[in-house]
């Protein structure tokens, strides 16, 4: 619908006598405004502070006049919530039994940790056929195109089918405690770009003229080389689906154009981002978490009639953790979180990190189980080998056709 805009994060709208005013409402918790790295806090003090804050956050989010469930993966975030919650919690996990999906299936460790803490556990083994059947309802629930949210839609549906009205999620733990690979890779990309210096644009010019092929990552690197070094652009290189040049080519191919002043991933408010891992945490919180994970989780949980609560994105929790130095809070492997929840068994803590992911690549690459979406027209040289690129364009095409009546076909040549 023309003229519809999202209310900015951290803002409130007031309609008074025919006039709409928008004003800041409060500090955004995911940015940890006011955090300081100059305190002399020890690791033991940070652990004690984190433990107390987590206990209070979980207790506050457990307050309900109906039973509260938990979305349980095999990751540290949701398992920590389980360890701190009352025993007997109803937990839900989605697994995948198809051949080749072992790297995505976390139902085994999730069931084991659920049993360890006395949870009433309900798994769901999702097949490609079931995913295909649910896909239309999932797409109909989207109020904006996104490559994420299907996992929340499925597990929220599972929870409501078992009578739950409220559930907890560990969303936000990776941003808060430095769990993403971006905390290592983005500073490396930034330092690498700085070392290259003025040679960046000429190198990008050469890379642009290489023969087209399967080089999605190379195109994103090229986008990083074209501009001066910045942490935000390094973050965009790591998180972005397409390079800025590729995005411009796609829009031109469809006869569209970006809105004036539209920033790329990580580029807006560049001066606000701190340096190093603190900057990555700020970017993950104010980009990935705020603009994708939180809206998608809220929309997809509400589509199933479920209230989703996020103790690790609690504003009071994050204000209490803000004084912890970044070197402690963001230590590799989420050490602060792990040390704050000693109830977690060693076998669980020593497992490799495994996120809450879906085997879309297997489904998209298997001719016998095609998802009911189609790719839009794309210009030559756009590498569509990575599944996430195909999936993002499929979802975008579907959303624009349904809601805007626009087909992403090649624009006629002038």
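The values are calculated or read from the model by the stated rules, or taken from the named source; none is laboratory data. Model, not experiment: these values are computed from the prediction. Note: ideal-geometry Cβ built from the backbone for every residue, glycine included; neighbour counts use all protein chains shown.
Identify, please: which residue in region 77-104 is at pLDDT below 95 and crowded, with 22+ Cβ neighbours inside 10 Å and is, among those, farthest from residue 361 (Cα to Cα)?
The extreme case among them is 93.
How about region 42-76: which of its residues are buried (at least 22 other Cβ atoms within 10 Å of the Cβ) and in a strand (DSSP E or B)?
69, 70, 71
Could you check region 355-389 and list, in sequence order, the residues that are in contact with a helix residue (DSSP H, G or I) (Cβ under 6 Å, 6 or more places away or on another chain), at pLDDT 90 or above and under 18 Å from residue 139 (Cα atoms)?
Correct list: 376 only.
Kindly indicate which of 231, 250, 225 is out of contact with any strand residue (DSSP E or B) (no Cβ under 6 Å at 6 or more places or on another chain), at pLDDT 90 or above, farther than 18 Å from residue 195 by Cα and surrounded by 15 or more Cβ atoms within 10 Å (Cβ to Cβ).
Exactly one residue qualifies, and that residue is 250.
Could you list all residues from region 292-320 that are crowded, with 19+ Cβ neighbours inside 10 Å, farther than 17 Å from residue 67 by Cα and touching a helix residue (DSSP H, G or I) at 6+ places or on another chain (Cβ under 6 Å)?
Listed by number, the residues that qualify are 297, 300, 303, 312, 314, 317, 318.
List, please: which pairs have Cβ atoms under 8 Å, are six or more places apart or on different chains, and start with a residue in region 79-93 that is on the phi > 0 side of the Ramachandran plot and end with one that is buried (at least 20 other Cβ atoms within 10 Å of the Cβ) and outside any helix (DSSP H, G or I)?
88/119
So that you can scan it fast, the table gives a plain yes or no per residue for (1) part of a helix (DSSP H, G or I); (2) under 30 Å from residue 294 (Cα atoms); (3) within 25 Å of the chain's Cα centre (by Cα):
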site	(1), (2), (3)
175	yes, yes, yes
179	no, yes, yes
185	yes, yes, yes
190	yes, yes, yes
196	yes, no, no
201	yes, no, no
218	yes, yes, yes
223	yes, yes, yes
232	yes, yes, yes
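Test residue 35 against the stated conditions and say whether it is surrounded by 12 or more Cβ atoms within 10 Å (Cβ to Cβ) and either closer than 23 Å to residue 86 by Cβ or modelled with pLDDT of 95 or more (or both).
Spelling it out, it is not the case that residue 35 is surrounded by 12 or more Cβ atoms within 10 Å (Cβ to Cβ) and either closer than 23 Å to residue 86 by Cβ or modelled with pLDDT of 95 or more (or both).
Taking the condition touching a helix residue (DSSP H, G or I) at 6+ places or on another chain (Cβ under 8 Å), modelled with pLDDT under 95 and farther than 30 Å from residue 316 by Cβ, does residue 153 pass?
Against the criterion (touching a helix residue (DSSP H, G or I) at 6+ places or on another chain (Cβ under 8 Å), modelled with pLDDT under 95 and farther than 30 Å from residue 316 by Cβ), residue 153 does not qualify.
Can you list the helices (runs of 4 or more DSSP H) lying wholly within region 296-366 that have 2 or more residues being under 26 Å from residue 97 (Cα atoms) and over 19 Å from the mean Cα position of the chain (by Cα)?
The helices (runs of 4 or more DSSP H) meeting that bar are 346-349, 360-365.
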